[in-house]
Amino acid sequence: MDHLEKIIKGCLAGKREYQEKLYRVFSGKMYGLCLKYAGNEDDAKDIMQEGFIKVYTKLEQYNHKGSFEGWIRRIMINTALEKYRSQLHLKKVDEELADRKLPLENDILEEMEARELIRLIRELPPRYRMVFNLYVIDGYSHREIGEMMDISEGTSKSNLSRARTILKQKLVELYKTTRHIKS
Amino acid sequence: MKGNNEHMDRIFREKLGAYSEQPPAEVWEGISTGITSRGKRKSLFFWLAAAAGLTALAGAILLVNREQTGEPFLQQQVTEESSVQGDEAGSDIKEETDIGESTETNIQTDKQIITEITVDEAGDETGSESAAVSGFQKDKEFTPEHAVELDPINARSTLIFPTGFDITGASRPYLSDDQFQPGTGYVETSKGFDAEELKANQQRNKWTIGTQAAPLYAYRNLEPGSRETVYAQADAGSLNRCESAILSYSGGINVQYHTVRRLTLQSGLYFSRMGMRLDFEDVAVKSIEAVPSFGTPESANSTGTLSYDIQTGSGTELATSWQEYNNQTPGTIDNAGGMRDAPSSWDLLQYLDYFEIPLVLKYKMIDRKIGISLVSGLSSQILIGNEIYLADGEQREKVGETADIRDLNYSGIFGLGLEYKLAKGWAISLEPSFKYYLNPVNTTGIYNSHPWNFGIYTGISYTIR
């Protein structure tokens with residue numbers, strides 16, 4: 001029997017040692033996902049915990065068609081969406097940015113570490129952060145994002161545009177600060 | 001600018017697409033605790049609920065048994081109904097009182113025991129028969145007995161003594177020897193109780209067994225649930241449009257215990273089927289929660305997640321169509337695992353099957369050859385079946401089940417009972433009744449689903465005499 005199949009079977013039987021094994025196999029990637037979708041580390045831990053509990057309770061629904069990792073990822077994303085559901089339609093005045101065309105030094109992105117990029121994404125308002133993660137990093141279409149977040153395709157596109165604008169602005173500020181420090 | 005966007009997107013995707021980081025140790029501890037508490041909560045609740053139901057049933061039976069034994073009365077107000085019988089000369093029996101005294105003063109109170117005792121020529125007791133009857137005044141001082149006819153058919157005269165009084169031998173203060181009639185029954189009771197009423201009372205506290213079956217009209221009521229969703233199709237109005245009631249059925253055996261006048265306690269074991277008919281396209285294509293991807297077929301309705309099997313294995317035409325439909329777009333991220341462009345004639349039938357143990361109180365408003373009762377009570381439902389069928393016209397194919405459904409539910413029952421007594425203890429009945437599930441059938445969800453049904457139960461019963 002395949003190693004993963006054996007672990008899944010053990011989890012279905014409710015054996016704690018196999019549940020922990022499953023967690024150890026996927027915890028790194030899933031925590032990385034949670035860090036991207038969450039607004040802070042505490043929320044990331046909450047999403048991770050709630051998501052894995054759902055994985056164990058829904059495991060009998062997985063019918064072994066398609067990637068198991070993909071199945072878990074989808075549960076984690078849904079858990080993250082649920083956590084921020086109440087904030088997905090809020091608008092704050094200071095978030096209303098014009099679609100500013102900001103010059104961006106390409107090399108600054110190349111030099112940034114993954115954790116720094118995650119910190120940048122975290123500074124986005126929840127609805128922009130969700131759309132950016134879903135479209136840019138996880139490859140969902142605007143139609144799919146619209147259905148997942150109960151928004152139109154057009155809103156998804158405009159949220160993505162605004163997310164990019166905010167990220168660029170922050171990158172520009174970071175670049176200026178970095179250049180100033182270096183100089 | 002577009003180039004700039006593409007560049008930024010590419011960098012984020014490359015650096016974060018496969019990003020992983022080990023979580024802190026407390027994350028697994030939280031997950032472990034969460035799994036443990038959910039398991040304990042479910043099983044503990046299940047056994048607590050079952051214990052509560054059994055305790056309630058046992059308590060009801062014990063309560064009824066205590067009522068049946070009752071407490072013997074010690075003092076009775078004797079009221080006159082007829083003239084005294086017996087030897088006029090030297091009789092120690094109290095003289096007749098005014099016939100005009102009403103026997104209607106017997107107040108329906110607690111049940112009392114009456115004992116009919118038969119004696120032989122020597123005055124020894126040869127037999128006794130007891131029955132519980134109601135209708136005595138209590139806490140009245142006993143006055144000497146009078147002979148009354150308690151059995152007009154056999155014209156048997158009786159004498160009355162206080163409870164516990166020894167009528168044999170020397171302990172017969174109210175009778176002289178020549179007044180002591182062999183073969184006469186002596187009844188410890190108050191007067192004013194006629195034979196018909198005595199016989200009627202002796203018919204109570206009987207057991208009845210019966211069987212019932214009913215067609216049901218079943219649907220559900222939705223209340224806001226514990227979980228929220230971001231999906232547009234979760235609106236209750238749209239759910240009500242794509243989910244409709246079904247005709248199903250129920251049936252079983254029952255046992256009735258007739259307690260005090262007009263009240264009957266009923267329990268038994270029933271089977272019932274609850275469910276809904278779901279519009280396939282609305283549920284599967286425009287699912288209120290598009291969980292699936294990567295070929296995992298699921299969708300959701302108001303009750304919860306509907307989990308499908310693509311391979312049904314039956315080989316029927318409908319099974320083949322189902323499989324072909326599900327294999328249309330394999331392995332792609334899509335709504336409900338690729339379920340699109342389904343035949344418009346397809347529906348889903350969502351069934352939940354239960355064993356029911358009701359505890360019902362019936363009050364007889366009219367108790368003649370035709371009886372009319374008010375029926376009210378509770379019922380426990382134990383889940384024994386959970387199925388989803390794909391329906392196309394008359395064809396049916398089992399394709400899955402609903403996830404996160406409770407094993408144990410409770411419902412309230414209200415109804416009307418019509419009974420027609422046949423001969424020798426047999427009766428037929430007609431009982432329209434309404435049942436509403438007090439707790440939701442789903443354990444989690446956007447909505448709490450409370451099934452209800454309306455059924456007309458027809459049945460036949462036999463009273464054990």
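The values are calculated or read from the model by the stated rules, or taken from the named source; none is laboratory data. Computed from a prediction, not measured in an experiment: that's the story for all the values here. Note that we place each Cβ from the backbone using ideal geometry, even for glycine, and neighbour counts take in every protein chain shown. What goes into the accessible areas is simple: the full protein's heavy atoms, side chains included, and nothing from ligands, DNA or RNA. Shrake-Rupley method; radii C 1.70, N 1.55, O 1.52, S 1.80 Å.
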Exercise. Which cross-chain or sequence-distant (5 or more) residues have an amide H under 5 Å from the amide H of B:GLY445, H modelled 1.01 Å from N in plane?
Worked result: B:SER226, B:ARG227
Exercise. With each label point set 7 Å from Cα along the Cα-Cβ vector, what nm distance links B:ILE464 and B:GLN323?
Worked result: 5.4 nm
For this session: For the stretch B:396-444, report the convex hull volume of the alpha-carbon atoms normalised per residue, in Å³, without decimals.
Result: 167 Å³
Seminar exercise, completed: Here, A:LEU12 and B:LYS398, labelled 7 Å along Cα→Cβ, have an inter-label distance in nm of 1.7 nm
For this session: Return the long-range amide H neighbours of A:LYS15 (sequence gap of 5 or more, or a different chain), with a cut-off of under 5 Å between placed amide H atoms.
Result: none
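Subtract the Cα-Cα distance of B:TYR363 and B:LEU269 from 0.36 nm times their separation in residues, and report this length gain in nm to one decimal.
Details: separation 94, 0.36 × 94 = 33.84 nm, distance 2.08 nm.
31.8 nm is the gain from fully extending B:TYR363 to B:LEU269.
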For this session: At a 1.4 Å probe radius, which order do A:LYS58, A:LYS6 fall into by accessible area, largest first?
Result: A:LYS6, A:LYS58
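On a 27 Å Cα-Cα criterion, which of the cross-link pairs A:LYS170/B:LYS15; A:LYS15/B:LYS398; A:LYS45/A:LYS157; A:LYS21/B:LYS398; A:LYS36/A:LYS168 come out too long? Display every interim value, and only then the final one.
Working: A:LYS170/B:LYS15 18 Å; A:LYS15/B:LYS398 30 Å; A:LYS45/A:LYS157 29 Å; A:LYS21/B:LYS398 34 Å; A:LYS36/A:LYS168 17 Å.
Correct reply: A:LYS15/B:LYS398; A:LYS45/A:LYS157; A:LYS21/B:LYS398.
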Exercise. Taking a probe of 1.4 angstrom, what is the accessible area of B:SER344 in Å², to the nearest 10?
Worked result: 110 Å²
Exercise. What accessible surface, in Å², does a 1.4 Å probe find on A:ASP150, ignoring ligands, DNA and RNA and rounding to the nearest 10?
Worked result: 70 Å²
Seminar exercise, completed: extent check for the stretch A:26-75: Cα max minus min per principal axis, descending, whole Å, gives 34, 18, 14
